[in-house]
1. Show me, for the range 405-414, the HN-Hα J-couplings you get by feeding each phi into the Karplus relation (A = 6.51, B = -1.76, C = 1.60, θ = phi - 60°), rounded to Hz, glycine and proline as x.
2. When a/c reaches 1.5 or more, the comparison of a/b and b/c decides; with that in mind, is the range 176-325 rounded, prolate or oblate per its Cα gyration tensor?
3. Per 0.36 nm of contour for each residue apart, how much would the distance between Asp356 and Glu406 grow if the chain were fully extended, relative to their Cα-Cα spacing?
4. Just to be sure I understand the model, the point goes 7 Å from the Cα along the line to the Cβ. What's the resulting His489 to Lys64 distance in nm?
5. If packing is taken as the mean number of other Cβ atoms within 10 Å per residue, what is the order of 394-402, 478-486, 131-139, highest first?
6. Under a point spin-label approximation (7 Å from Cα along Cα-to-Cβ), what is the Arg248-Thr188 distance to one decimal in nm?
7. Sorting Lys329, Lys255 by accessible area (1.4 Å probe), largest first, what list results?
8. Considering the range 1-124, what Rg and Dmax in Å follow from its alpha-carbon atoms?
Amino acid sequence: MRQVRTLGLLGTGVIGGGLAARALHFGIDVIASDVRPAMEAWIRGAVDNAAGALARLTMAPLPKPGRLSFTTDLTAMARQVDFIQENIPEQLELKQRVLAQVSRHAPPDVLIASSTSGLMPTDLQRDMQAPERLLVGHPFNPVYLLPLVELVGGQRTSHAAIDAAGEFYRYIGMHPLRVRREVPGHLTDRLQEALWREILHMVNDGIATTGELDESIIYGPGLRWAAMGTNLIYHLAGGETGMRHMLRQFGPCLKWPWTHLEAPELTESLIDRMVEGTQAQAAGRSIRELERLRDDYLVAIQQVLRQYDIGAGSTLRALETRLYADSAKAASAGLAGERNGPARVLEIEVRPEWVDYNGHMTDSRYQQVFGDAVDALWRSVGIDESYRRTGYSFYTVESHVTHRAEARAMEALYVTVQVLHVDDKRVHVFTSLHRRADDAPVATGEQLYLHVSTQAGRVAPIPPALRAKLDDWFHAHQALPLPREARRHVGMTRA
Ligand SMILES: NC(=O)c1ccc[n+]([C@@H]2O[C@H](COP(=O)([O-])OP(=O)(O)OC[C@H]3O[C@@H](n4cnc5c(N)ncnc54)[C@H](O)[C@@H]3O)[C@@H](O)[C@H]2O)c1
């Protein structure tokens with residue numbers, strides 16, 4: 001299977017738009033195709049809408065964003081892309097026809113994934129050419145923030161196709177969940193439907209309003225689900241003996257049972273109750289407004305879960321590890337040929353949320369950007385997570401920033417690093433931020449790092465192999481002129 005540089009979208013509605021935003025953000029080009037020309041403006045709007053939340057998701061250095069293009073010629077799209085995601089309406093015959101048509105134009109090593117919420121991959125691949133590359137890749141709305149994607153193979157799907165699709169989804173920050181057997185509704189929608197069915201019954205029977213039923217989730221189980229899911233949480237509910245006790249205690253109720261197995265008839269009065277209930281909950285807020293609120297808390301929750309390395313937080317952590325490693329790899333590639341000058345280690349764009357009330361990049365972001373630049377230097381000499389696991393790291397003990405010009409939102413910048421000094425225990429580094437357009441200096445930073453044993457909490461000598469690599473940099477940079485701002489301090493006279 002090929003490396004995915006360009007993603008093709010077949011159908012550019014809610015799901016196509018969300019996927020486009022996610023892929024573009026992580027550096028993948030997207031060719032979107034839809035039978036309706038009006039969808040071009042729609043998908044561009046959807047990508048813009050998602051940009052704010054996506055930008056806040058991670059501060060890790062990102063690659064250059066992908067480019068988005070649009071066509072109504074589905075077969076032209078199929079000929080130019082490395083991976084196709086089908087997101088057209090949920091109708092089996094329509095999907096079968098379009099997938100078969102597209103499969104005749106996409107080379108056989110181009111994977112084709114369907115976003116179908118409930119159809120079976122064996123049915124979808126029936127008339128396709130090279131059907132072994134078809135799988136279900138079922139994402140969740142908003143695709144740009146929710147990592148889950150269910151992977152389901154049909155009778156003719158190859159294992160290699162599922163593995164390769166998983167790798168691609170992981171690359172764009174998703175969590176591929178492999179479904180062992182194709183069943184209508186896969187896993188998640190079956191669970192969601194069971195809950196929703198009971199909601200419809202209870203609203204229909206006048207037991208509760210939609211708002212009360214939502215309260216029953218958001219103040220309780222909903223908070224637990226995000227990190228542990230239903231089963232692990234029930235294991236905890238059983239006390240010391242866990243799930244075994246839980247099943248003994250609540251097993252009998254499962255026989256009654258509390259719940260209905262079939263959804264109620266969708267009568268006009270039930271529909272009215274559902275609509276009126278949710279309108280009351282929205283309390284005058286538009287769908288857009290509610291989407292923004294949802295996006296903000298989805299970002300915040302994932303950042304909190306990242307601290308605990310659990311659930312979607314682990315996915316975010318893994319994505320960031322990959323982004324930092326890629327940025328360091330790109331930096332090391334550039335570094336190899338750049339020993340005659342300060343090393344250009346980081347390329348960035350000023351993200352809109354980095355800008356303060358003056359319209360310029362705010363103070364703390366300079367420290368962050370310089371920190372990321374030094375991080376790239378560290379990785380190029382092997383100071384990474386595995387080095388830190390050996391019980392050693394570098395701690396910052398002093399830093400100084402000077403400002404030369406303003407950096408505005410979306411401005412493209414780069415950072416260079418110059419190693420000023422290395423000895424037994426210390427590394428002294430000078431960083432410089434420049435505008436990409438004209439190389440004009442924007443700011444400089446200077447940091448002193450101490451090598452420490454993290455367990456002992458004490459300064460420790462730099463091991464010889466690492467010292468040799470740091471010395472390579474130091475010796476290469478020793479001949480460079482000392483930057484004007486180096487070895488300075490804040491220039492006020494003492495009272
Ligand atoms: N909306 C969700 O929450 C959600 C979640 C997961 C999966 N899905 C699945 O994703 C798929 C798409 O759902 P959606 O909500 O994005 O639908 P949507 O109605 O928002 O978008 C469908 C798009 O497909 C286009 N289209 C129709 N026929 C086409 C054709 N022959 N060729 C190319 N484009 C065509 C339409 O113009 C439209 O832009 C469905 O299979 C759905 O089950 C939806």
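1. 8, 8, 10, 9, 4, 6, 5, 8, 9, 9
2. oblate
3. Going from the current span to full extension adds 16.9 nm.
4. 4.3 nm
5. 131-139, 394-402, 478-486
6. 3.6 nm
7. Lys255, Lys329
8. 14.3, 43
The values are calculated or read from the model by the stated rules, or taken from the named source; none is laboratory data. Remember, predicted model here, so these are calculated numbers, not experimental data. Neighbour counts run over all protein chains shown; Cβ positions are idealised from the backbone, glycine included. Side chains are part of the model used for accessible areas, which takes the heavy atoms of the whole protein and leaves out ligands, DNA and RNA. Shrake-Rupley method; radii C 1.70, N 1.55, O 1.52, S 1.80 Å.
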